[in-house]
Amino acid sequence: MNFITGRHITFAITGGIAAYKIPYAIRDVIKMGGQTRALITPSAEKFVSPLVLETLTNDRCYKDMFFENGRTVHIDLARDTDIIIIAPATFNTIGKIASGIADNLLTAVVSSADVPVLFFPSMNVRMWLNAINQRNVKILKKNGYTVISPESGELACGEEGVGRLPETGVIVSEINNALCPKKDFKGKRVVITAGGTIEQLDDVRIITNLSSGRMAKEVAEVIKARGSEVTFIYGNISVPLPFGAKNVRVKTGEDMEKVLKKEIKSADILIMAAAVSDYVPEKVKGKIKRKDKKVLTFHPTKDILRELGKYKKGKIYVGFALEDKNLELEAVKKMRDKSLDIVVGNTISTLNSNTGTGIIITKDGEKHKFKHQKKDIIAWEIAESIIALHKSI
Ligand code: CTP
């Protein structure tokens with residue numbers, strides 16, 4: 001779900017080599033409808049051109065404290081934004097802000113801002129692990145700033161280790177999450193299953209279904225943005241994985257059940273959106289040869305949701321029901337049969353589509369219908385139903 005549209009996002013760039021990546025993040029934020037502004041430290045100018053930033057943001061690239069007589073530029077800039085992104089955040093700037101030093105425009109803006117500030121540190125691994133830097137990062141976090149840990153990998157200096165600026169997609173997703181207006185899933189652990197399971201007919205062929213995993217991905221992203229930790233267990237999907245979740249790949253329904261039995265123990269909420277195969281074929285060894293007619297034997301699989309019933313105590317279970325007729329009736333039946341708290345009934349047209357038609361039903365009788373609705377909006381409504389139910393139990 002896009003929380004960036006119409007918001008004012010300030011990119012504060014400090015003098016690290018990863019600064020060259022920030023114009024890409026600015027471009028992506030603009031594509032999502034964000035209004036951007038760039039401000040830089042004097043040494044950042046060596047790594048990224050102010051002209052590039054001015055062209056992208058369609059604004060001045062702010063660097064000097066004193067360019068407008070009689071104007072308190074740092075106060076204006078701090079006031080006129082919804083969020084500040086410090087990326088890359090160098091050892092030096094982290095240290096200055098943690099110590100209360102405001103000796104350039106960027107640090108002065110941050111010191112006078114009362115909006116969320118996200119730090120994306122990026123530096124050599126030994127600088128990152130330096131005890132003074134680690135102490136400074138702790139100070140920033142303790143004072144309400146968000147620090148996104150750098151990633152591990154090859155660094156610009158040729159060394160390997162923690163210190164890399166995350167990819168643009170991760171930066172944009174963290175900005176989006178920070179702008180989410182609700183944080184009511186904070187402290188919750190949510191397990192979400194996605195996509196179709198895969199069963200093997202022989203050593204060459206598989207049987208699966210048309211589920212894309214899109215609904216589950218949207219739910220994962222919305223719930224993550226609202227503050228939850230998310231474990232995303234996925235089979236056969238055709239959408240990108242959600243950012244920021246613990247993603248676990250499985251193949252068969254049996255694999256999914258095994259992983260779920262482990263993950264469910266520490267979870268507060270289960271959202272079972274996967275299209276689990278109802279039948280598993282008797283697998284033929286090797287490759288089935290072409291003949292006039294072939295009869296294959298299928299056995300019914302275990303119902304995973306029912307199997308997970310014994311772990312339910314105190315947890316919220318959300319199931320899905322895909323129906324071609326009597327949608328509401330069949331969905332309510334599944335909610336009762338599988339001891340669910342919420343069921344999301346969908347029509348077949350919802351499968352492998354960007355939009356969905358159906359109904360969200362909670363065990364206390366609340367109903368919310370949706371028709372040709374975008375899946376991120378449905379995901380938001382599912383989150384709303386979970387929170388409403390959570391408050392009532
Ligand atoms: N489900 C499950 N284990 C299975 C099959 C389904 O846990 N072996 C879960 C799905 O993830 C979904 C819910 O049960 O949350 C309903 O799935 P659905 O395919 O709509 O219905 P089924 O229970 O399989 O029944 P039917 O196919 O007869 O409609």
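No lab work stands behind these numbers, since they all come straight from the coordinates. The model shown is predicted, which means the values in this text are computed figures rather than measured ones. Every residue, glycine as well, gets a Cβ built from its backbone with ideal geometry; the counts of neighbours run over all protein chains shown.
Of note:
- Think of each Lys and Arg Cβ as +1 and each Asp and Glu Cβ as -1; about the Cα centre, that makes the dipole of the range 189-392 roughly 540 debye.
- Reachable aspartates and glutamates from LYS315, criterion Cα separation under 12 angstrom, eight or more residues apart if same chain: ASP268, ASP341
- Normalised contact order of the chain, rounded percent, pairs of Cα under 8 Å and 6 or more residues apart: 11 percent
- Taking one quarter of the surface of the C-alpha convex hull of the range 189-392 gives a mean projected area of 12.0 nm².
- The angle separating the long axis of helix 253-263 from the principal Cα axis of greatest extent in the chain is about 50 degrees.
- With each label modelled as a point 7 angstrom along the Cα→C-beta vector, the THR55-LYS246 pair spans 4.5 nm.
- Choice from LYS312, LYS224, LYS138 showing the highest fluctuation, given a GNM over the chain with Cα pairs closer than 10 Å: LYS138
- For the pair THR5 and ASP103, a Förster radius of 35 Å applied to the C-beta separation gives a FRET efficiency near 0.50, rounded to the nearest 0.05.
- Value at 222 nm in deg cm²/dmol, rounded to 500, when DSSP H runs of n ≥ 4 in the chain each add -39,500 (n - 2.57): -9000 deg cm²/dmol
- Compared with the dominant Cα axis of the chain, that is its longest principal axis, helix 327-337 is turned about 90°.
- Note on the chain: with a GNM built from Cα contacts shorter than 10 Å, the maximum mean-square fluctuation among ALA98, ALA12, ALA379 falls on ALA98.
- Summary: within the chain, the longest segment free of GluC sites (Glu not before Pro) located in DSSP loops with at most 11 other C-beta atoms within 10 Å is 160-281.
- Pairwise Cα inverse-distance average, inverted: Kirkwood Rh of the chain (Å): 23.5 Å
- In the structure shown, the pairs LYS96/LYS224; LYS21/LYS374; LYS138/LYS262; LYS188/LYS261 are assessed against 22 Å; a Cα-Cα span above that value is assigned to LYS96/LYS224; LYS21/LYS374; LYS138/LYS262.
- Judged by the gyration tensor of its Cα atoms, with axes a ≥ b ≥ c, the range 1-87 is oblate; a/c meets the 1.5 cut and b/c is at least as large as a/b.
- Whole-Å distance, taken between Cα centres, linking the range 321-386 and the range 86-164: 44 Å
- The range 338-393 has equivalent-ellipsoid semi-axes of 21, 12, 8 Å, by the square roots of 5 times the alpha carbon gyration tensor eigenvalues, sorted largest first.
- With 32 Å as the limit on Cα-Cα distance, the pairs of LYS293/LYS338; LYS287/LYS375; LYS217/LYS265; LYS142/LYS310 that go past it are LYS293/LYS338; LYS287/LYS375; LYS142/LYS310.
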